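Student: The structure is given below, and queries will be raised subsequently.
The values are calculated or read from the model by the stated rules, or taken from the named source; none is laboratory data. If you're wondering where the values come from, they're calculated on a predicted model, not measured in any experiment. With ideal geometry, Cβ positions are generated from the backbone for all residues, glycine too; neighbour counts draw on all protein chains shown. Please note that ligands, DNA and RNA were not included when accessible areas were found on the heavy atoms of the full protein model with its side chains. Shrake-Rupley method; radii C 1.70, N 1.55, O 1.52, S 1.80 Å.
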Amino acid sequence: IGEFSLHGCNFPSIVIPNSVTSIGSHAFRSCGALTSITIPSSVTSIGENPFFSCPALATITVEAGNTVYSSPEGSNAIIKTEEHKLVSGCKNTVIPEGVTTIGASAFGGCSSLTEIHIPGSVTLIDAWAFMDCSGLIAVTIPSLVNFIGNVAFNGCTGLSSITVEATTPPTLDNGAFDNVPV
């Protein structure tokens with residue numbers, strides 16, 4: 001499934017066949033009606049958040065047997081298993097303990113995300129990770145986070161509370177908190 005290939009689709013769910021091995025960056029971008037997706041065990045490559053700006057997306061599952069990605073029960077997220085990296089999340093994501101990186105654009109454009117618990121295992125919040133999550137109200141940055149990427153929280157216009165648990169704050173890349181009211 002190529003980059004931007006289903007951009008703007010209006011399907012509530014999509015069945016990805018087991019013949020698919022790759023999902024390109026932003027493949028399902030702005031699919032406003034999409035509520036659930038299952039990633040088959042055959043998929044071994046996923047680009048930057050294929051579900052950017054899919055506010056209705058509530059359930060993400062990775063089929064058992066996938067050798068590269070997983071979706072621990074109840075997480076509603078795609079985790080690149082060996083890297084402990086959250087690749088893509090949705091409004092109902094529960095980030096599992098053990099995840100060390102929130103990937104580039106992982107929650108990008110998820111305007112219906114209102115809260116998220118970032119576990120203490122996270123050390124990196126990558127570029128665009130929460131960009132345009134306008135419904136996000138509060139965020140706590142755990143003490144092990146040492147870097148927050150370019151425009152990671154840009155456009156989080158509902159954000160009214162940011163708590164940093166580290167004694168030494170993380171390094172911020174360009175515009176990490178641009179267009180944030182606090």
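Student: Name, by its number, the condition in (1) more than 19 Å from Ser45 (Cα to Cα); (2) surrounded by fewer than 15 Cβ atoms within 10 Å (Cβ to Cβ) that does not hold for Cys133.
Tutor: For Cys133, the failing item is (2).
Student: With the stretch 8-73 as the region, which strands (runs of 3 or more DSSP E) entirely inside it contain at least 2 residues that are open to solvent by less than 10 Å² (accessible area, probe 1.4 Å)?
Tutor: On the way: elements: 13-15, 36-39, 59-62.
Qualifying strands (runs of 3 or more DSSP E): 36-39.
Student: (1) among the aliphatic types (A, V, I, L, M); (2) over 24 Å from Ser30 (Cα atoms); (3) buried (at least 24 other Cβ atoms within 10 Å of the Cβ): which one isn't true of Val164, the others all being true?
Tutor: Of the numbered conditions (1) among the aliphatic types (A, V, I, L, M); (2) over 24 Å from Ser30 (Cα atoms); (3) buried (at least 24 other Cβ atoms within 10 Å of the Cβ), the odd one out for Val164 is (3).
Student: Let me ask something else. Assess whether Leu113 counts as being closer than 23 Å to Asn179 by Cβ, open to solvent by less than 20 Å² (accessible area, probe 1.4 Å) and free of Cβ contacts under 8 Å to residues at least 40 places away in the same chain.
Tutor: Here the answer is yes, as Leu113 does meet what is asked.
Student: Could I ask something else about it? Which of the residues belonging to the stretch 74-87 are aliphatic (A, V, I, L, M) and either within 21 Å of Ser134 (Cα to Cα) or open to solvent by 30 Å² or more (accessible area, probe 1.4 Å) (or both)? Give the steps one after another, and end with the answer.
Tutor: So in the stretch 74-87, the residues aliphatic (A, V, I, L, M) come out as 77-79, 86-87.
Matches in the stretch 74-87: Ala77, Leu86, Val87.
Student: Looking at Leu159, is it of a type in the set (A, V, I, L, M, F, W, C), without any contact (Cβ under 8 Å) to a residue 60 or more places away in the chain, surrounded by 19 or more Cβ atoms within 10 Å (Cβ to Cβ) and over 20 Å from Val99 (Cβ atoms)? Explain how you work it out, then say what you get.
Tutor: On the way: of a type in the set (A, V, I, L, M, F, W, C): yes; without any contact (Cβ under 8 Å) to a residue 60 or more places away in the chain: yes; surrounded by 19 or more Cβ atoms within 10 Å (Cβ to Cβ): yes; over 20 Å from Val99 (Cβ atoms): yes.
Against the criterion (of a type in the set (A, V, I, L, M, F, W, C), without any contact (Cβ under 8 Å) to a residue 60 or more places away in the chain, surrounded by 19 or more Cβ atoms within 10 Å (Cβ to Cβ) and over 20 Å from Val99 (Cβ atoms)), Leu159 qualifies.
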